[in-house]
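The values are calculated or read from the model by the stated rules, or taken from the named source; none is laboratory data. Values in this document were obtained by computation on a predicted structure and should not be read as measured data. FYI the Cβ positions are ideal-geometry reconstructions off the backbone, even for glycines, and counts take in every protein chain you see.
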Amino acid sequence: MDRVEYNLLRGENKARRRGLRLAGFVFGLLGIATLFFPYTLFKFDQYRVSMNAWQLLTVNIRFGPDFLLSMPIGLRIAIVAAVVLSLAGVVFLLLRKHALSSGMFFGALAAGFVELIFISQTAKDAAHAGFSTTSGDMLWGWTFFLLFSILAAVFALAGTGLEKSAEMIFKLSATISIAMVAIITLYMFIYGSPAIIQIGLFKFLFGTEWQPTATTPQFGILYMILASLIGCVGAIAIGVPIGLLTAVFLSEIAPQWVRAIVRPSVELLAGIPSVIYGFWGMKVLVPFIREFFTKLGYDTTGSGLLAVILILSIMILPTIVSVAETSLKSVPPSYTEASLALGNTKISTIFSVQIPAARSGILAGVILGVGRAIGETMAVIMVAGNIVQLPTLFGSVRPMTAGIAFEMGYAEAGLHRQALFGIGLVLFLFIMLVNITFTAISRRGVQMDAK
């Protein structure tokens, strides 16, 4: 390329970046302008009030003689954040800080979604205040704010060049993932901890009475915790060996025609909805348990802990099989060849070399399986029996997930609903503890292999 062509190409790149920067600047200003357009519509019985973002920020509204709608402080903070971030995006764009500008516009976009959450919560508060029909609908001003924020962010990011844009997209994706975890964690602590504090940590975790609608309500979740733990441990005890052996069979032993049949079947299990597992468990598994163990002298309805363990062990199989098989295939062939050269048999090589070498991946599959076993709700509700009592193998139980889903529909605002959020917080912390424990074990295994 001669110097003339180089200068022409450079001039075209400058012109293109200038055009992208101008487009981002225009869309950023348009996004700020939409905050003064019809933003949200409140409908409380016969009342209809349309407001723009500035009014949401500064105005309270009285609906009738007994209800003053005061906008949540979180909503106002989100609106201010949206304005500030949009202005910062425009300023950084003028300063040719394309990456920072794009980040500001994406932040404004996130603030817009946070506004939606608080608007919905405001409508729910109005329902609790006695209105029969309540809703908070976002209007075209909010929609265009999101659209213009996205366009401004995209044009600002495109101005950095293709390579830099790709790098920023990867960083943004990682940041969003971390932010989502942080937001969920914060949300669970904010809404779950008040009930635990009010009831008492020890009484909540180790109490054996769950009677939220009694004259003197009792909120002890020990039996729910035990049902979740035993159900999860039982499912893992059955599902992990079967899943691991199936993965070994598919990756190392099975002929190609068998793999072509078994692998799609396992993948199909992963695509079956939870409610279908629940129907199958309710119509096939529960009657089988009832009839089989009644003949052996056990008094059981079939719905209970055993049904929960069996159906969860089936549901976690696809995850464990898929991840474990991929991990076994990633083991370097030289490991297998060296073991066979030393005189080990094929089976001995699998269990003494390949499985230990794929330990990290297998543990990852187990973690995912544990997460599904603990968090499964619909299928568990349909086979558990849903009675809060000391878990026994043939007795009805109510795990924590079933307790939340079973009662959230009729739980009134107050301590009962807050206690359900408290159960969610305990469940969330338990899953985090499991993940951290398995991750630590996996890292320790990697370090020992490195030594």
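Couple of notes before you dig in:
- Whether a residue is assigned by TED's automatic domain parsing to the domain that holds Thr377, over 27 Å from the mean Cα position of the chain (by Cα) and modelled with pLDDT under 90 was assessed, and Ile272 does not pass this test.
- Search result, residues across region 119-151 that are of a type in the set (Val, Ile, Thr) and over 22 Å from Gly31 (Cα atoms): Thr122, Thr133, Thr134
- Identity of the residue in region 118-130, within 25 Å of the chain's Cα centre (by Cα) and free of Cβ contacts under 8 Å to residues at least 24 places away in the same chain, that ends up farthest from Ala158 (Cα to Cα): Lys124
- Just one of the listed residues (Gly207, Gly239, Gly243, Gly200) is of a type outside the set (A, V, I, L, M, F, W, C), closer than 30 Å to Gln418 by Cα and surrounded by 15 or more Cβ atoms within 10 Å (Cβ to Cβ), namely Gly207.
- Tally of residues being touching a Gly at 6+ places or on another chain (Cβ under 8 Å), assigned to a loop (DSSP other than H, G, I, E, B) and not hydroxyl-bearing (Ser, Thr, Tyr) across region 206-239: 4
- Helices (runs of 4 or more DSSP H) wholly inside region 333-427 containing at least 3 residues that are under 27 Å from Asp299 (Cβ atoms): 378-384, 400-408
- Residue check, Ala156 among the hydrophobic types (A, V, I, L, M, F, W, C), crowded, with 19+ Cβ neighbours inside 10 Å, touching a helix residue (DSSP H, G or I) at 6+ places or on another chain (Cβ under 9 Å) and assigned by TED's automatic domain parsing to the domain that holds Ile32: yes
- Failed condition for Arg76, given (1) over 24 Å from Tyr187 (Cα atoms); (2) surrounded by fewer than 21 Cβ atoms within 10 Å (Cβ to Cβ): (1)
- Any hit, region 92-106, residues being under 19 Å from Leu139 (Cα atoms), hydrophobic (A, V, I, L, M, F, W, C) and either in contact with a helix residue (DSSP H, G or I) (Cβ under 7 Å, 6 or more places away or on another chain) or surrounded by 15 or more Cβ atoms within 10 Å (Cβ to Cβ) (or both): no
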